[in-house]
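> Dropping the structure in here first, questions after.
Values quoted throughout were computed directly from the atomic coordinates according to the rules given, and no laboratory measurement underlies them. Because the structure is a prediction, the values reported are computed rather than measured. Cβ sites come from the backbone with ideal geometry, for glycine too, and all protein chains shown count toward neighbours.
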Amino acid sequence: MTEEARKLVKKAAKLLQPSMLALRMKPDWDQATPLFEEAARVFARCRLHNEAQFAFEKASEGQQRLGSELHAVKHLESAAECACKDKRHEDAFNLYRSAYETFASIGKVAMGAASLNRGAKLLLEEDKVDLVMQLYEIALEAVEDEGTGVDTSSAGSLVLTSQELFQGLTKILVDAKKLAEAARNELRYAAFVSQIPSFNGTRALCRAYLHAIVLNLVAGNGQEALATWNDCFEVNGFMESKAASCAQDLLDMCRACDYKAFQDSVQTCGVLYELDNSIARLLKKVSEATFERITTEIGQKSEFEVSQLLSGNEGFQQQAGEGEGDEEDLC
């Protein structure tokens, strides 16, 4: 069977060479492409991953030259799967990036980002976190650029794709204990959703802000959590949402410096139902030491804001007093 597949590849390769005898002046992709496809399938069944990867790549090139980008991407992804099975992870990374570029070349950015997402999941199974992060970054930059001028008909699919991408990256960062980066990623998602006026993303926006607040609390970054909460006052619809109620309950318990009340609030205020599972698990496990660090930071932040307010009032009163003196002199 494998010998037959190699004969197919050899025959296909000949069809790509000019031949005076066959009156062929240019590559015949119409006849060569199906031969590469058949050979690739045979090699894949026989677990000859290296040869299957080569045949899928040639089949992809053929489909692209014939104007069928969708089939071209399908073959690139099949080639990437073969490369992954053979532990050639860099090859898989490059093939998924090529799949995205193929879609992007015909204006299908959301489909290209979805292809990168599939590649990220595949490489994550191989524990290649660095390559996964690079694929996510390419995909996120692509959807962010596309979101700036997206029309109503395309907004839905773009937001759904981006949601899966941002959630996937947050989960990886949470699993890697990079909680501050995960919080920033959630804020990045919120900024992305807010720039698409044709899509009503209020719920997604509120959830992203709640995730950012909780992740900062879990990381012990009380000041960052409070700063994010303060930013939420500028977000339309947030203060009326369930996410806002949950965030306020948690921050109130932090201000009260009551660890037991904080734990009870986590279980009863409904916040666990508003969070992704990976973040909810972390919130339930906040230690007393982490809680004390949060309360200290929040207390310092509050004292600083109060002192700023008082100093501002004193300055105002001093200016008012000087103004009164000036009025007396004028009289």
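> Taking 0.36 nm per residue of separation and subtracting the Cα-Cα distance, what length does fully extending ASP145 through ARG45 add?
32.0 nm
> What do you get for Rg/Rh over segment 191-276 if you use C-alpha atoms and the Kirkwood form of Rh?
Radius of gyration relative to Kirkwood radius: 0.98.
> Please report the spacing between the Cα centers of segment 171-232 and segment 263-298 in Å, no decimals.
Segment 171-232 and segment 263-298 have Cα centres separated by 15 Å.
> Next up: Taking every pair of alpha-carbon atoms in segment 1-85, give the share separated by more than 15 Å as a whole percent.
Counting pairs separated by more than 15 Å, the tail of P(r) holds 53 percent.
> As a test of understanding, state the convex hull volume per residue of segment 93-242 from its alpha carbons, in Å³.
About 98 Å³ per residue, rounded to a whole number.
> Could you derive backbone 3J(HN,Hα) for segment 102-114 from the dihedral phi with the Karplus parameters 6.51, -1.76 and 1.60 (θ = phi - 60°), listing whole Hz in sequence and x where the residue is Gly or Pro?
Each residue's phi maps through the Karplus curve to give 5, 5, 5, 5, 10, x, 9, 5, 4, 5, x, 5, 5 Hz.
> Relative to the Cα centre, what is the charge dipole magnitude of segment 1-111, using +1 at the beta carbon of each Lys and Arg, -1 at the beta carbon of each Asp and Glu, and rounding to the nearest 20 debye?
About 240 debye.
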